[in-house]
1. When you scan segment 53-82, how many residues do you find that are outside any loop (DSSP other than H, G, I, E, B), within 15 Å of the ligand (Cβ to nearest atom) and buried (at least 18 other Cβ atoms within 10 Å of the Cβ)?
2. I want to confirm something. Restricting to segment 1-13 and keeping residues that are part of a strand (DSSP E or B) and out of contact with any helix residue (DSSP H, G or I) (no Cβ under 6 Å at 6 or more places or on another chain), which single residue is farthest from the ligand (Cβ to nearest atom)?
3. Which of the residues belonging to segment 30-82 are polar (S, T, N, Q) and under 15 Å from residue 9 (Cβ atoms)?
4. May I ask you to list the residues in segment 14-42 that are in a strand (DSSP E or B) and crowded, with 21+ Cβ neighbours inside 10 Å?
5. Test of understanding: among 27, 47, which residue is out of contact with any His (no Cβ under 7 Å at 6 or more places or on another chain), within 15 Å of the ligand (Cβ to nearest atom) and touching a residue at least 40 places away in the same chain (Cβ under 8 Å)?
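Just so it is clear, none of the values below were taken in a lab; they were calculated from the coordinates. Keep in mind the model is a prediction, meaning the values are calculated, not measured. Backbone-built Cβ (ideal geometry, glycine too); neighbour counts: all protein chains shown.
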Amino acid sequence: MVFEFKNEKICVTQNAFGYFAVQDKCPHNGASLSKGFCSKNNEIICPLHRYAFDLKSGKATSGGAFALKTYPIEIKNTGVFIGIKAKWWEA
Ligand code: FES
């Protein structure tokens, strides 16, 4: 699924390795990664050109030297919490 917070779209996914939060916009050509799928190697696969990104590190595992922004994620009884750095001018 995708969440938007302060103009940042964040793709949140769950697989056998856990929960992960990464930027939703593919760095290759802007497709929504939340419309892609996960591989058994803990990658998210872009739905448009099938580039693959490691969900933990964000690094591309196929398709070029791109990387995703990753966010820390924590699941609690009270909800799903995603760490987003505040910009210094917003503090
Ligand atoms: S837009 Fe994602 S791989 Fe091209």
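1. Summing the residues that are outside any loop (DSSP other than H, G, I, E, B), within 15 Å of the ligand (Cβ to nearest atom) and buried (at least 18 other Cβ atoms within 10 Å of the Cβ) in segment 53-82 gives 3.
2. It comes out as 5.
3. Across segment 30-82, the qualifying residues are 32, 34, 70.
4. Matches in segment 14-42: 20, 21, 22.
5. After ruling out the rest, the residue left standing is 27.
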